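Before any comments, here is the structure.
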């Protein structure tokens, strides 16, 4: 093909990104430029940082990019369009039926990693994609990580994400069942959980309302319907001196630490904020 004809069929990347950013901004997407760049990089099969080296898009690339931008403008989650979600050092498979892990949960995972000694037994309840469990397996040196999830759809993603991690055992189970993991009662060193905790009826973004599974988001009238039995289960599973970390809604900054204290089997109860200063998770040690 004549190079001049080939060049004339291509669309400059800069204007294409600018148009996509405007479309996404008009649809209420919180990070329109970042999302547009990530979608363009996905179409081109390159890291976002290499977009600076790209001058233009072929017609087929532009068509695919335009299609993805239109889907994102309809508030389809960015991670669903990319097929993966970044979490600490991991790229996790995500899609319909599983909760997309959020950056704020990286703080709880980091706390868990800091408290995981070599050879430790770690349990991750309400595991979803396996984000917390796999981050611990990836960055610490646990002897065993048990990831518990009850949703069949989420379990499918969890098993796929966990496949490269021999230390991670996937268990199908309900965290509100007091007999869950009965063989581990009194033997767990670190227990982590990002449960459904949004109070029923709370307005949430379209990406959450329409695409995250409701059972992974909402936690009953006060948002504590799953957290209460998880605290009791943690007390049963943890060895004396073992630690627990629970993510919670930003309205639960006092309620969750109070529940841990009221249980009577925990000490060193501590509230933690996220990077925006909002209450995000609570930790404690088994007496």
Self-check item: the chain, helix-only ellipticity at 222 nm - DSSP H runs n ≥ 4, -39,500 (n - 2.57), divided by all residues, nearest 500
Solution: -11000 deg cm²/dmol
Quiz item: Cα centroids of the stretch 152-229 and the stretch 64-139: how far apart, whole angstrom?
Solution: 13 Å
Quiz item: In degrees between 0 and 90, to the nearest 10, how far off the longest principal axis of the chain does helix 152-162 point, with axes built from Cα atoms?
Solution: 80 degrees
Quiz item: Helix 227-237: angle to the longest alpha-carbon principal axis of the chain, degrees 0 to 90, nearest 10?
Solution: 60 degrees
Quiz item: Rounded to the nearest 5, what is the percent of antiparallel bridges among the DSSP beta bridges in the chain?
Solution: 45 percent
Quiz item: Once you have the alpha carbon radius of gyration of the stretch 3-74, what is it after dividing by 2.2 N^0.38 Å, with N set to its residue count?
Solution: 1.07
Practice problem: Note the angle between two axes, namely the Cα long axis of helix 105-114 and the longest principal axis of the Cα atoms of the chain, as a number of degrees from 0 to 90, rounded to the nearest 10. | Solution: 50 degrees
Practice problem: Name all residues of the stretch 60-83 having a backbone nitrogen under 20 Å from the label point set 7 Å from the Cα of residue 22 along its Cα→Cβ direction, giving them as ranges. | Solution: 62-75
Quiz item: In Å, what is the Rg of the alpha-carbon atoms in the chain, and how long is Dmax?
Solution: 21.5, 78
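Computed from the coordinates by the stated procedures, all read-outs in this text should not be read as laboratory data. Small disclaimer: the values here were computed from a predicted structure and weren't measured. Using ideal geometry, Cβ is built from the backbone for each residue, glycine included, and neighbour counts are taken over all protein chains shown.
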